[in-house]
1. Choose one of Ser74, Gln3, Leu27: the residue whose Cα lies farthest towards the positive end of the charge dipole of the chain (beta-carbon charges +1 Lys, Arg; -1 Asp, Glu; about the Cα centre).
2. With charges only on Cβ, +1 for K and R and -1 for D and E, what is the dipole size of the chain about its Cα centre, in debye, rounded to 20?
3. How many times 2.2 N^0.38 Å is the alpha carbon radius of gyration of the chain?
4. Please sort 11-20, 53-62 by packing, taking for each peptide the average over its residues of neighbouring beta carbons within 10 angstrom, highest first.
5. In whole angstrom, note down how far apart the Cα centers of the range 44-77 and the range 5-19 are.
6. Sum -39500 (n - 2.57) across every DSSP H segment of at least 4 residues in the chain, then divide by the residue count to get the 222 nm mean residue ellipticity, nearest 500.
7. Might you tell me the accessible area per residue for the chain, computed with a 1.4 Å probe and given in Å²?
Amino acid sequence: MGQENAIKCNLMDAGCSDESASFVNGLVQTGRLTDALHEMKVIRCDLMDALHQSQRKVDCLDYLIRQTEKEIRSTKDK
């Protein structure tokens with residue numbers, strides 16, 4: 001597998017769309033490394049935003065789970 005394919009595959013593994021991966025890969029292949037780096041950082045930022053949104057959802061579920069467990073314990077103690 002050549003470097004061109006490795007870069008595109010790595011970008012796709014990171015969650016990039018085929019279009020986005022091809023765009024960044026094209027920048028790398030044409031030597032526009034600063035532009036490629038910028039695009040990768042934008043993609044990373046988007047992924048981090050999605051991660052934080054997911055974490056907030058998990059935190060909400062954790063809260064509901066703890067509250068429900070407390071309620072179950074309190075009804076068993078009665």
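1. Positive-end residue among those listed: Ser74.
2. Working: 11 positive and 13 negative charges, 103 e Å.
Result for the chain is approximately 500 debye, rounded to the nearest 20.
3. So the chain has a normalised radius of gyration of 1.87.
4. In descending order of packing, they fall as 11-20, 53-62.
5. Taking the Cα centre of the range 5-19 as reference, the centre of the range 44-77 is 31 Å away.
6. -30500 deg cm²/dmol
7. 81 Å²
The values are calculated or read from the model by the stated rules, or taken from the named source; none is laboratory data. Note that the coordinates shown come from a computational prediction; the quantities given were computed from them, not determined experimentally. Here Cβ is always computed from backbone atoms with ideal geometry, including for glycine, and neighbour counts include all displayed protein chains. These area figures cover heavy atoms from the full protein model, side chains too; ligands, DNA and RNA do not enter into them. Shrake-Rupley method; radii C 1.70, N 1.55, O 1.52, S 1.80 Å.
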